[in-house]
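Comments concern the structure below.
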Amino acid sequence: MTSRSWAASGRIGRKAGSALSALALLTATLAPAVPAHAQDGPSLIRDTEIEEILHRDADPIYAAAGLDPKTVRILLVGDKELNAFATQGLMMGLNTGLILQTETPNQLKGVIAHETGHLAGAHPLRSGEMMKAGLTPMILTMGLGVLAALAGAPDAGAVLMGNASYFGTLGALGYSRDQESRADQAGAGFLEATGQSGRGLVEFFDNFRYQEVFDQSRRFAYFRSHPLSSERIETLRSRVERQPHWNAVDSPEDLAEHEIMKAKLEGFLNPGVAIVKYKESDRGFPARYARAIAYYQMKEPDRALKILDGLIAENENNPYLWELKGQILFEFNRVKEAEEPQRRSVALKPDAALLRVNLGQTLIGQSDPKKVEEGIAELKRSLIDESDNSVAWRLLAQAYDQRGEDGQARLATAEQYFNMGAAQEARVFAMRARELLKKDSIEWRRATDIVLTSNPSNQDLKDLAKEGAVTSGLRR
């Protein structure tokens with residue numbers, strides 16, 4: 001099996017900088033990252049491998065809909081509730097509960113195609129319920145909170161989202177029957193345009209046909225916001241059965257990746273279930289992988305590493321297995337041992353920003369001046385690809401503090417808050433950075449830019465005017 005098929009990675013983890021082999025999790029209230037199994041509410045998850053699988057599934061559909069795949073943000077929500085949603089700003093949310101309920105890649109692609117129908121039709125903007133509730137500005141604001149959380153910034157996410165219940169609000173929204181029908185038909189067209197069958201979407205809805213007889217309070221969240229009816233299912237079926245690609249099937253590679261994604265999620269989110277579901281007698285990659293992750297989550301690192309070493313021996317070019325090994329070692333205080341596997345993960349996948357963040361975190365965690373310097377370089381490199389990754393900025397601030405570079409540390413913290421959308425905090429740290437940095441240096445000018453775009457006070461503006469500060473123009 002190729003390393004792509006067996007990819008295991010970017011991950012569900014305990015550390016804020018971890019990638020779902022490290023899924024980096026944040027609670028719905030945006031408290032500090034915690035283990036997946038310890039959470040009660042929804043979480044936002046970052047995971048390199050799962051994000052790649054989802055984008056491989058979704059990007060052709062986005063393109064068929066006339067959307068630029070690079071502009072659509074996929075939010076992976078760690079929640080057992082079966083749900084998916086589309087929001088303003090071209091964001092699509094997929095609950096882990098929904099992914100685990102899909103039996104085939106085609107079923108998941110069907111749901112993605114349907115949600116893409118809502119995005120392409122601008123249904124989130126047109127929703128009568130949203131307008132009636134006056135939620136449009138709040139959804140936009142909370143969308144920023146979600147992006148802050150994706151960047152690993154629980155504190156700024158809380159600043160943005162305040163007391164609003166983001167996920168509860170989404171659950172309260174809904175589409176009209178006409179919008180649902182239009183999204184069905186559009187999704188079927190997108191699947192056909194990409195040479196895929198619409199069978200999976202029909203199957204997924206058919207599996208939950210019984211939901212239509214439940215009262216609203218007993219339905220899954222997805223079917224509260226996406227009303228289901230037998231008539232709707234049959235209308236969709238009659239359309240897709242006539243399409244040329246009705247009999248198209250999932251490729252072996254797609255099937256393998258889907259099973260790995262589900263095994264990985266099960267291992268991280270439901271470790272006790274995973275140990276029972278993926279039996280010791282099952283020697284397949286997904287089963288062993290799920291058990292390794294489950295033991296890691298159950299704080300049995302030696303058992304996890306034993307299984308993982310066996311997987312690596314068979315798949316030595318899989319960057320995500322190396323990343324997971326490094327993450328386990330790092331989180332169980334074997335920091336020096338974590339360095340080599342994390343180096344291997346980055347060497348095998350140099351374009352994955354989250355893997356570099358993990359390596360950078362491990363390097364600066366060793367307190368060796370040369371390691372810290374290298375760690376700073378790795379973090380800076382990760383920011384070339386993800387300039388809004390506030391975890392990388394936070395770790396940079398930590399590294400500069402270790403080196404006694406107070407001005408750089410305060411500027412990195414200002415960048416952290418600036419990218420989280422926390423204007424007040426960004427301004428305070430940027431003003432402090434300006435006091436410590438050399439005047440008119442690139443860094444000093446950047447700090448000035450942050451102040452000027454972070455709701456500066458009248459006193460701030462007066463202070464800047466006295467200095468004759470000239471901005472260099474914002475990068476973003």
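The values are calculated or read from the model by the stated rules, or taken from the named source; none is laboratory data. In this text the structure is predicted, and so the values were computed from the model without any measurement. For neighbour counting, all protein chains shown are included, and Cβ atoms are generated from backbone atoms with ideal geometry for every residue, glycine included. Only protein heavy atoms, including side chains, enter the accessible area calculation; ligands, DNA and RNA are left aside. Shrake-Rupley method; radii C 1.70, N 1.55, O 1.52, S 1.80 Å.
The set of residues in the stretch 82-109 that are touching a Leu at 6+ places or on another chain (Cβ under 8 Å) and part of a loop (DSSP other than H, G, I, E, B) comprises L82, N83, Q88, G89, L90, T102, T104.
Condition check ((1) in contact with a helix residue (DSSP H, G or I) (Cβ under 7 Å, 6 or more places away or on another chain); (2) buried (at least 23 other Cβ atoms within 10 Å of the Cβ); (3) not small (G, A, S)) across all residues:
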{"residue": "A409", "(1), (2), (3)": "yes, no, no"}
{"residue": "A412", "(1), (2), (3)": "yes, yes, no"}
{"residue": "Q416", "(1), (2), (3)": "yes, yes, yes"}
{"residue": "Q424", "(1), (2), (3)": "no, no, yes"}
{"residue": "W444", "(1), (2), (3)": "yes, no, yes"}
{"residue": "N455", "(1), (2), (3)": "yes, no, yes"}
{"residue": "D460", "(1), (2), (3)": "yes, no, yes"}
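Residue count for the stretch 41-63 satisfying the condition of being more than 22 Å from K349 (Cβ to Cβ) and among the aliphatic types (A, V, I, L, M): 3.
Within the bounds of the stretch 390-403, is there any residue that is in contact with a Phe, Trp or Tyr (Cβ under 6 Å, 6 or more places away or on another chain), touching a residue at least 12 places away in the same chain (Cβ under 8 Å) and part of a helix (DSSP H, G or I)? First the steps, then the outcome.
Here is the first cut: in the stretch 390-403, the residues in contact with a Phe, Trp or Tyr (Cβ under 6 Å, 6 or more places away or on another chain) are none.
No, every residue in the stretch 390-403 fails to be in contact with a Phe, Trp or Tyr (Cβ under 6 Å, 6 or more places away or on another chain), touching a residue at least 12 places away in the same chain (Cβ under 8 Å) and part of a helix (DSSP H, G or I).
When restricted to residues that are in contact with a Phe, Trp or Tyr (Cβ under 9 Å, 6 or more places away or on another chain) and either more than 26 Å from E253 (Cβ to Cβ) or among the β-branched types (V, I, T) (or both), the stretch 43-77 contains 6.
Here F85 clears all of (1) modelled with pLDDT under 85; (2) open to solvent by less than 40 Å² (accessible area, probe 1.4 Å); (3) under 22 Å from E386 (Cβ atoms) except the condition numbered (3).
When R237 is tested against (1) closer than 28 Å to G78 by Cβ; (2) assigned to a helix (DSSP H, G or I); (3) at pLDDT 90 or above, only condition (1) is not met. Residues in the stretch 253-284 that are assigned to a helix (DSSP H, G or I), free of Cβ contacts under 8 Å to residues at least 24 places away in the same chain and surrounded by fewer than 22 Cβ atoms within 10 Å (Cβ to Cβ): V273, I275, V276, K277. When each of Y289, Y296 is tested for being assigned to a helix (DSSP H, G or I), among the hydroxyl-bearing types (S, T, Y), under 25 Å from the mean Cα position of the chain (by Cα) and closer than 20 Å to E52 by Cα, the lone residue that passes is Y289.
Residues that are of a type in the set (V, I, T), touching a residue at least 60 places away in the same chain (Cβ under 8 Å), touching a strand residue (DSSP E or B) at 6+ places or on another chain (Cβ under 8 Å) and in a helix (DSSP H, G or I) do not occur anywhere in the stretch 347-359.
Mind checking which residues of the stretch 61-81 are out of contact with any Pro (no Cβ under 7 Å at 6 or more places or on another chain), part of a loop (DSSP other than H, G, I, E, B) and open to solvent by 10 Å² or more (accessible area, probe 1.4 Å)? Residues satisfying the conditions are A65, G66, L67, D68, K80, E81. From the list I53, I99, I45, the one residue that fits, being touching a Gly at 6+ places or on another chain (Cβ under 6 Å) and open to solvent by less than 10 Å² (accessible area, probe 1.4 Å), is I45. How many residues does the stretch 326-345 contain that are open to solvent by 10 Å² or more (accessible area, probe 1.4 Å) and closer than 16 Å to D47 by Cβ? Within the stretch 326-345, residues that are open to solvent by 10 Å² or more (accessible area, probe 1.4 Å) and closer than 16 Å to D47 by Cβ number 1. Considering the stretch 352-383, the residues that are of a type in the set (D, E) and either modelled with pLDDT of 95 or more or in contact with a Pro (Cβ under 7 Å, 6 or more places away or on another chain) (or both) include one that is surrounded by the most Cβ atoms within 10 Å (Cβ to Cβ), namely E378.
Among the residues making up the stretch 290-318, those that are open to solvent by less than 10 Å² (accessible area, probe 1.4 Å) and either among the hydrophobic types (A, V, I, L, M, F, W, C) or under 23 Å from V357 (Cα atoms) (or both) are A290, A292, I293, A294, Y296, Q297, A304, L308, L311, N318. Among the residues making up the stretch 360-389, those that are over 30 Å from R73 (Cβ atoms) and assigned to a helix (DSSP H, G or I) are P369, K370, K371, V372, E373, E374.
Taking the stretch 299-315, which residues are touching a Ser or Thr at 6+ places or on another chain (Cβ under 9 Å) and either free of Cβ contacts under 8 Å to residues at least 12 places away in the same chain or part of a helix (DSSP H, G or I) (or both)?
Going residue by residue through the stretch 299-315, those that are touching a Ser or Thr at 6+ places or on another chain (Cβ under 9 Å) are 315.
Matches in the stretch 299-315: none.
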